[in-house]
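*Asks:* Take this structure first; my questions come after.
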Amino acid sequence: MAVSNPTLAELQRLTRTIPIVFAQVSDPVGGGFVAGIARPGGNITGFQNFEPTMGGKWLGVLKEAAPNLSRAAVLFGSDNAANVAFLRAAEAVAPSLGVQVTAVDIHADAQIERVIATFAGQPDGGLIAFPHPNTAANRASIIILAARHRLPAIYPFRYFATEGGLMSYGIDQIDQWRGAATYVDRILRGEKPGDLPVQAPTKFELVINLKTAKAIGLHIPPAFPLRADEVIE
């Protein structure tokens, strides 16, 4: 059982025979983990979290929450093919939203605090954190940086918002783990992973932290929270 693209990549390097079920992996075909969605082939199958187009979706949702947004710093990992695809999608959508995208490589750039501080020196900026082990591991400092510089920010998973981030839009992670458990069960009963289709997420949730919005002085359009699955007040 594997979670995240880097973990799956390492397990794939170690074995091409032991069955592997993954969860919360982005773009498994583009990442070279499976041959196809309907028939993955090989020894790997599982549950993907985000399509590459989500990069543009996150930018669009952030713009809805902060209509004055004209610049967005995107925290991504150049070591992750799915993150690169998210970035390209965000860059493609940005002109239609009137937003300029600035890529911040959390894999190569150790000076994230300095880069964000410099970015925040100009007005109407925002922050997007892509799903990556580094954004998850450093979420506390990223959330603090966003608050310190009064940057509206969007994150990929609910726990970012519950821990103080402005908002999150992403999959129901528990639902993915339940699905992965059923695949593990089926494989242990004799089915082959290569015959089990990769499953796309069916549940997405928008969580908004109005306490954080108030703290950074962001006036969210009144209709926007009505779309949320959860509002933290």
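*Asks:* Size of the range 37-162 along its principal axes in angstrom, Cα-based, largest extent first?
*Replies:* 50, 31, 28
*Asks:* Next up: Using modelled amide H (1.01 Å from N, peptide plane; none on Pro or chain starts), what sits under 5 Å from the amide H of Phe22, excluding residues fewer than 5 places away?
*Replies:* Long-range HN contacts for Phe22: Ala2, Thr45, Gly46, Phe47.
*Asks:* Hey, what does the equivalent ellipsoid look like for the range 104-156, semi-axes from the Cα gyration tensor as sqrt of 5 times each eigenvalue, largest first, whole Å? Show your work: numbers first, answer last.
*Replies:* Details: eigenvalues 58, 32, 18 Å².
Ellipsoid semi-axes (Å, largest first): 17, 13, 9.
*Asks:* Count neighbours as other Cβ atoms within 10 Å of each site's Cβ, and list the trypsin sites (Lys or Arg not before Pro) in the range 158-233 that are DSSP loop with at most 13 such neighbours. Kindly include the intermediate steps, with their values, before the conclusion.
*Replies:* Values: sites: Arg158, Arg178, Arg186, Arg189, Lys203, Lys211, Lys214, Arg227; in loops: Arg189, Lys203.
Sparse-neighbourhood loop trypsin sites (Lys or Arg not before Pro): Arg189, Lys203.
*Asks:* May I ask you to sort Tyr155, Tyr169 by Cβ crowding, counting other Cβ atoms within 10 Å and putting the fewest first?
*Replies:* Details: Tyr155 29, Tyr169 24.
By the 10 Å Cβ count, ascending: Tyr169, Tyr155.
*Asks:* Give the long-range amide H neighbours of Ile232: residues separated by 5 or more places, or on another chain, with amide H under 5 Å away, using H modelled in the peptide plane at 1.01 Å from N.
*Replies:* Those qualifying (amide H under 5 Å, at least 5 residues apart or on another chain) are Ile208, Asn209, Leu210.
*Asks:* How are the C-alpha pair distances of the range 1-94 spread across 5 Å bins, as whole percents from the shortest bin up?
*Replies:* Distribution as computed: 3, 13, 23, 20, 14, 11, 8, 5, 3, 1, 0 percent.
*Asks:* Could you give the C-alpha radius of gyration of the range 96-215 expressed as a fraction of 2.2 N^0.38 Å, taking N as the number of residues it contains?
*Replies:* Details: Rg = 18.1 Å, N = 120, 2.2 N^0.38 = 13.6 Å.
Cα-based Rg divided by the globular estimate yields 1.33.
*Asks:* While we're looking at this one, here's another question. For the residue pair Leu210 and Gln100, what label-to-label distance in nm results when each label sits 7 Å from Cα along the Cα-to-beta-carbon direction?
*Replies:* Here the modelled spin labels are 3.5 nm apart.
*Asks:* Taking the alpha-carbon distance from Lys57 and a cut-off under 17 Å, which aspartates and glutamates remain once sequence neighbours fewer than 8 residues away in the same chain are dropped?
*Replies:* Output for Lys57: Asp27, Glu91, Asp172, Glu205, Asp229.
*Asks:* Could I ask something else about it? State, to one decimal in nm², a quarter of the convex hull surface area for the C-alpha atoms of the chain, i.e. the direction-averaged projected area. Numbers along the way, then the final one.
*Replies:* Details: hull surface 49.1 nm².
Projected area, direction-averaged: 12.3 nm².
*Asks:* Defining a contact as two alpha carbons under 8 Å apart and six or more residues distant in sequence, what relative contact order in percent does the chain show? Display every interim value, and only then the final one.
*Replies:* Working: 458 pairs, mean separation 51.9, N = 233.
Relative CO of the chain lands at 22 percent.
Taken together, the values in this text are just the output of simple stated rules run on the coordinates, not laboratory data. In this text, all values refer to a predicted model and were calculated from it rather than measured experimentally. Counting neighbours? That spans all protein chains shown, and the Cβs are built from the backbone with ideal geometry, glycine included.
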